[in-house]
Amino acid sequence: MGPMPQRALLYRRPSEPSAINIVFDRAVYLVRVRRHRQARRYTLRIHSATREVLLTMPPRGSLRQAREFAEKHGGWIAARLDRLPQPAPFAHGTLVPVRGVDHRIAHRPSARGTVWIEETHERLLCVAGEAPHVARRVRDFLKHEAKNDLEAASRKAAATLGVTVRRVSIRDQSSRWGSCSTTGVLSYSWRLILAPPFVLDYLAAHEVAHLIEMNHSRRFWRLVEHICPDLTRAKTWLDVNGSNLHRYGQQHARR
Ligand SMILES: [Zn+2]
């Protein structure tokens, strides 16, 4: 099951902004706006993994009414976001797990280089350069590390099963940790680098096994278990901690 049918019903007029800002209690919230071919009224929902606020409106609705609707429900938006895991923006002082181990982001504006790890009394993720670039640099670094680890884990799993991985791509998808195309391209969420290595290894085993079995049959799970005997531990870890990984790199509502 994919999100395709829903996507076909959602659209935006070319001249329309994709999002509006609303203010509630002195905080600014970004609200994404979409029209839905079958919508009769204005609705709001929160996508908990990404903390995105989505407003759906009828085909003939107006942006002015959409804004009024979102502003009227500003209290609801604020309360719902408040109940979600608090965002951990990539900024000086934030604790970020790398391969399951906490690292504190340390901004070093006058240092040379980009991003590197230092181990003093605590593990530091040091970032050079100006403050506005810190978040992007941390994200780029984590994506790069994720790609290295996931490529290595995928190739190792593929060698065990005697199959070939065409390509490994790293994405920022919130709906799934990994996927496997019929053409042999494996895609993974970069956030797996935040999880302990046994979780990343399990995901690689899972997607590589799909190169042989494009389903979740018994035979598929036997293949996964063959590469990754620890799969129950990894699946449990993801069930318990997976949604928490989405809070890293997210911004707070602006005040
Ligand atoms: Zn699967």
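Side notes on the structure shown:
- Criterion: among the β-branched types (Val, Ile, Thr) and touching an Asp or Glu at 6+ places or on another chain (Cβ under 6 Å) - qualifying residue of Val163, Val168: Val168
- Odd one out for Lys147 among (1) in contact with a Lys or Arg (Cβ under 8 Å, 6 or more places away or on another chain); (2) closer than 30 Å to His210 by Cβ; (3) of a type outside the set (Ser, Thr, Tyr): (1)
- Evaluation of Glu213 against the conditions (1) open to solvent by 40 Å² or more (accessible area, probe 1.4 Å); (2) touching a Phe, Trp or Tyr at 6+ places or on another chain (Cβ under 7 Å) shows that the sole unmet condition is (1).
- Applying the criterion of at least 1 residues that are within 19 Å of the chain's Cα centre (by Cα) and buried (at least 18 other Cβ atoms within 10 Å of the Cβ) to the helices (runs of 4 or more DSSP H) found wholly in region 4-89 leaves 74-83.
- Taking the criterion of being closer than 20 Å to Leu84 by Cα and in contact with a Ser or Thr (Cβ under 8 Å, 6 or more places away or on another chain), the residues of region 9-43 that qualify are Arg32, Thr43.
- Every residue from region 216-229 that is farther than 20 Å from Ala146 by Cβ and open to solvent by 20 Å² or more (accessible area, probe 1.4 Å): His216, Ser217, Arg218, Arg219, Trp221, Arg222, Leu223, Glu225, His226, Pro229
- Entry remark, region 188-201: residues being farther than 17 Å from Ser169 by Cα and open to solvent by 10 Å² or more (accessible area, probe 1.4 Å) number 3 in total.
The values are calculated or read from the model by the stated rules, or taken from the named source; none is laboratory data. This structure is a prediction, so every number in the text was calculated from the model and none was measured. Backbone-built Cβ (ideal geometry, glycine too); neighbour counts: all protein chains shown. Note: areas computed on protein heavy atoms with side chains; ligands, DNA, RNA excluded. Shrake-Rupley method; radii C 1.70, N 1.55, O 1.52, S 1.80 Å.
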